[in-house]
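Note sheet for the following structure.
The values are calculated or read from the model by the stated rules, or taken from the named source; none is laboratory data. Note that the structure is predicted; figures quoted are calculated from it, not measured. No Cβ is skipped: glycine too gets one built from the backbone with ideal geometry, and neighbour counts run over all protein chains shown.
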Amino acid sequence: MLLYIFTTERNMLVLTRKPGEGIIIGDDVTIKVIEMKGGGVRIGIDAPKNKKIYRQEIYDRITEENKMASQWDMDALDSLSTNLSTEKKDK
């Protein structure tokens, strides 16, 4: 079964796969269904070591933390840096 879901920015291809079947992304990434068990699906990803692969919830958390870090007030960062430098000198 092949189903395309169209949105304004991207298209999502929705596939039905059975254990042992997979999909290819680009020339160097393979995703394979390993097993279906207890309402979950175990997948295997074969990709070059230089490809970053994250679970969605981890990626979302990294993105949110990066966004929060980019919004720090520079005065607060300068103050923190000064305090850390002072602590090192005191030791």
Original post:
Pick from ILE34, ILE45: which is at pLDDT 95 or above, in a strand (DSSP E or B) and within 17 Å of the chain's Cα centre (by Cα)?
Top reply: ILE45
Original post:
Hey, among the residues in region 48-87 that are aromatic (Phe, Trp, Tyr) and within 14 Å of the chain's Cα centre (by Cα), which one's nearest to ILE34 (Cα to Cα)?
Top reply: TYR54
Subject >> Unmet requirement for TYR4, which otherwise passes all of (1) out of contact with any strand residue (DSSP E or B) (no Cβ under 7 Å at 6 or more places or on another chain); (2) modelled with pLDDT under 90 >> reply: (1)
